[in-house]
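The values are calculated or read from the model by the stated rules, or taken from the named source; none is laboratory data. None of these values were measured; they are calculated from a predicted model. Backbone-built Cβ (ideal geometry, glycine too); neighbour counts: all protein chains shown. Side chains included, ligands, DNA and RNA excluded: accessible areas come from the protein's heavy atoms. Shrake-Rupley method; radii C 1.70, N 1.55, O 1.52, S 1.80 Å.
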Amino acid sequence: MRRRRLIVAGASTALAGCFEDTSSEEAPASDDLVREAIDARGEINDLAAIRTMTAETPEEAIERRERLFQRPPDAQRREVLESSDSRAPEGMVSVRNQEVTWGYNPTTETVLERHHPNRFVADRTRLVLESLLEDYDLAYDGTDTVDNSEAHVVEATPKSDDEVGRSIELLVGETVYAIPLEAADSAEVDEAEVVRTIWIGDEHRYPIKEQTVVETDERTLHSLTVTYDELAINEGLEDGTFTYDPPSDAEVKSIGAEPIGIFDTPEAAAKILPFDLPDPAIPDDFELDRITVLDRGFGTTATSWYVEPTTPERELFVAVRETSRFDPDALTPIDIDGNEAYLRAGDLESVFWECEDVSYEVSSPHPGEPLEEIAASIGCPK
């Protein structure tokens, strides 16, 4: 079995595990199992489960059980049922939807309400599964039983010698978990290896368990195991699952820009706007998801969000502002049908321009979208 060394400054971890395959049938290909898991993720409308997380070091062991609800790619609710982890005490609640995240801490009796109506969406679970196919060598390690159900065990080791970091992007529950190795000797950490295993359920072809072990030849520095029990996929969720009413005695702290309104149609948004919304020529595979209207103290901004329904994190937006929010000196000047515009390259590609005292922006984090064509379709409305 190949293993992966842990390097402090790295960015990802490896997967590994060993089970004997006692089945008389031909073993499925590991790549096919992961592809089926990606397809299964794409078919999930809602998910509910009890998630158990156990973390062990030579000094301590903690365990947390929580009720988990998801509506991919973004909505999630976590309710901690039992916990020996002081960072996530029993009764802790976290609820996230497209517009806002609430976090309730029963120890301090406080609720943090974070507004993010213009946050880009990413289905991290699907992206991590895709990274397994691209960046790892996969090996089938037989079957095992998880929550009284058969599961296929996949071992993965990275194809390159890139560094491995101290954080784990969990498949089982869409959470980033930091590996606490501060108590270990630095030389011991440098020599440590990471062994990670994932279990893909036979029924749904979906990840239902994973384990990461950080170890040296002499001892285990850290072990993390995460398991789904009572997994229910596409069985429906109650209305209000992804909203939250804080306890009456809790102190609520609000951060971020709360929108004036979020609208389904341009006609509805137009009733409160001081400017007209454009009618851009958006690619046919996109559809309007929402229009957010905010005022951060420098005028009104209306952002029309468009998504590709089969890949919701493939987004682009058209923003209209009363006040310009771009610096021409930091951008590349371009011409859009006779109008002076500016291009920003990078992780977020954008086109900016001004017309009739209104500022426009077309942006997308997804490379290759026809932003200049969309900008040209808007032009300089009169």
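General remarks:
- Taken over the stretch 302-361, the criterion of being open to solvent by 70 Å² or more (accessible area, probe 1.4 Å) and closer than 15 Å to residue 380 by Cα is satisfied by 322, 335, 337, 340, 354, 356, 357.
- Counting the residues of the stretch 233-283 that are open to solvent by 60 Å² or more (accessible area, probe 1.4 Å) and assigned to a helix (DSSP H, G or I) gives 1.
- Some residue of the stretch 2-20 being at pLDDT 90 or above and under 25 Å from residue 123 (Cβ atoms): no
- With respect to the conditions (1) in the same structural domain as residue 359 (by the TED database); (2) touching an Asp or Glu at 6+ places or on another chain (Cβ under 9 Å), residue 256 falls short on a single one, namely (1).
- Of all residue pairs spaced 6 or more apart or on separate chains, those with beta-carbon atoms under 8 Å, a first member in the stretch 74-92 that is at positive phi and a second member that is at pLDDT 95 or above are 91/80; 91/104; 91/106.
- Of the residues making up the stretch 23-71, those that are in a helix (DSSP H, G or I), open to solvent by less than 40 Å² (accessible area, probe 1.4 Å) and among the charged types (D, E, K, R) number 1.
- Condition check for residue 220: at pLDDT 95 or above, of a type in the set (Ser, Thr, Tyr) and open to solvent by 50 Å² or more (accessible area, probe 1.4 Å): no
- Look at the stretch 227-249: where a residue is among the hydroxyl-bearing types (Ser, Thr, Tyr) and a partner is in a loop (DSSP other than H, G, I, E, B), sitting 6+ places away or on another chain with Cβ atoms under 6 Å, you get 228/172.
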